[in-house]
Amino acid sequence: MSLFQVASRRLVPQVSRALKPPAKKQKLCLEMARPSSNMADFREVFAKAKHIAIITGAGVSAESGVPTFRGAGGFWRKWQAQELATPGAFARNPSRVWEFYHYRREVMLSKHPNPAHIAIAECEKRLSKQGRSVVVITQNIDELHRKAGSKHLLEIHGSLFKTRCTNCGNVTANYKSPICPALAGKGAPDPDVEDASIPVEQLPQCEEDGCNGLLRPHVVWFGETLDPDVLTEVEKELDMCDLCLVVAGGLSPRVALPGYGRSPENYFDDQFSFLKKLQSVVRW
């Protein structure tokens, strides 16, 4: 299986390991790869691939203006995401956490897929007509891949637009704006804004018959494990694929898949040079 890694313009490509499941235990070897934009090599590998996996991170959504709340200046009010996106933070102050996620949901409702999302979705659509499969495995929770038209999509960190009941566990899609009346006009990110301190009974509630449990965003928070069912699907797709493309920033793997290492054969200079190559290969 071939791995092509596509770096965001803002990130230096990092060392990774080959996504090739060994038949038996082997000593993993890390190899450095020099940047490459060899179109002939890419065409040859792409033309032969029947099952393609495309792994994306935050960098693929950066051109859509999606805030990450990471690094210097990455604050919502006076908190960073890792202070709010935790089970403990939600238990202590569900109103504050819901204000944070309500703000993020409202922002994302105004954002649109960029050429990276559209190219990936078009790749899946066109190759499916040739009997070839494309799966998108994303860390992003913004659903921009879905908006762009990607059908075979694995969201390993969940979605901003799904909720999970803390009582009955029901997961459902939720695109309401606002998600509940009490959050209307709330969630402003400015540091001088006071918490709304919304009573729990006025926060998003489960609509399953007889439940009325408190809803939480269906996303993976810091300190939580990833969904084992989703990870099983990811492992199956990576086991089956004969070409893996890692597109955009955040190239250090957030998920360790058992039995897999990583060692890229090629890098492309940035995601946009890659997209031009992908478009010319698929011929649209």
Next on the checklist: Among the residues in segment 230-250, are any part of a loop (DSSP other than H, G, I, E, B), at pLDDT 55 or above, under 23 Å from Gln80 (Cα atoms) and open to solvent by 30 Å² or more (accessible area, probe 1.4 Å)?
Outcome noted: no
Checklist entry - Filtering segment 187-224 down to residues that are over 21 Å from Pro87 (Cα atoms) and charged (D, E, K, R), which residue is least open to solvent (accessible area, probe 1.4 Å)? => result Asp190
Next on the checklist: Testing Val282 on (1) at pLDDT 50 or above; (2) more than 25 Å from Pro87 (Cα to Cα); (3) open to solvent by 20 Å² or more (accessible area, probe 1.4 Å); (4) in contact with a Lys or Arg (Cβ under 9 Å, 6 or more places away or on another chain), one condition comes back false. Which one is that?
Outcome noted: (3)
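Kindly provide the set of residues from segment 140-156 that are assigned to a loop (DSSP other than H, G, I, E, B), of a type outside the set (A, V, I, L, M) and crowded, with 20+ Cβ neighbours inside 10 Å, ordered by number.
Asn140, Asp142, Glu143, Ser150
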Checklist entry - Hey, Leu144 hits all of (1) more than 30 Å from Gly210 (Cα to Cα); (2) in contact with a Cys (Cβ under 8 Å, 6 or more places away or on another chain) but one; which does it fall short on? => result (2)
Item to check | Of the criteria (1) closer than 29 Å to Glu233 by Cα; (2) without any contact (Cβ under 8 Å) to a residue 24 or more places away in the chain; (3) open to solvent by less than 40 Å² (accessible area, probe 1.4 Å), which one Phe161 fails | outcome: (2)
Item to check | Residue in segment 169-185 that is open to solvent by 30 Å² or more (accessible area, probe 1.4 Å), under 19 Å from Glu224 (Cβ atoms) and not in a strand (DSSP E or B) present | outcome: yes
Next on the checklist: If I filter segment 45-60 for residues that are open to solvent by 10 Å² or more (accessible area, probe 1.4 Å), charged (D, E, K, R) and touching a Lys or Arg at 6+ places or on another chain (Cβ under 8 Å), do I get at least one hit?
Outcome noted: yes
Item to check | Selection from segment 98-118 of residues that are touching a residue at least 60 places away in the same chain (Cβ under 8 Å), among the aliphatic types (A, V, I, L, M) and either surrounded by fewer than 18 Cβ atoms within 10 Å (Cβ to Cβ) or over 20 Å from His145 (Cα atoms) (or both) | outcome: Leu109
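The values are calculated or read from the model by the stated rules, or taken from the named source; none is laboratory data. For clarity, every value in this text was computed on a predicted model and none was experimentally measured. Every residue, glycine among them, receives a Cβ derived from its backbone with ideal geometry; neighbour counts consider all protein chains shown. These accessible areas exclude ligands, DNA and RNA; they are computed on the full protein's heavy atoms, side chains included. Shrake-Rupley method; radii C 1.70, N 1.55, O 1.52, S 1.80 Å.
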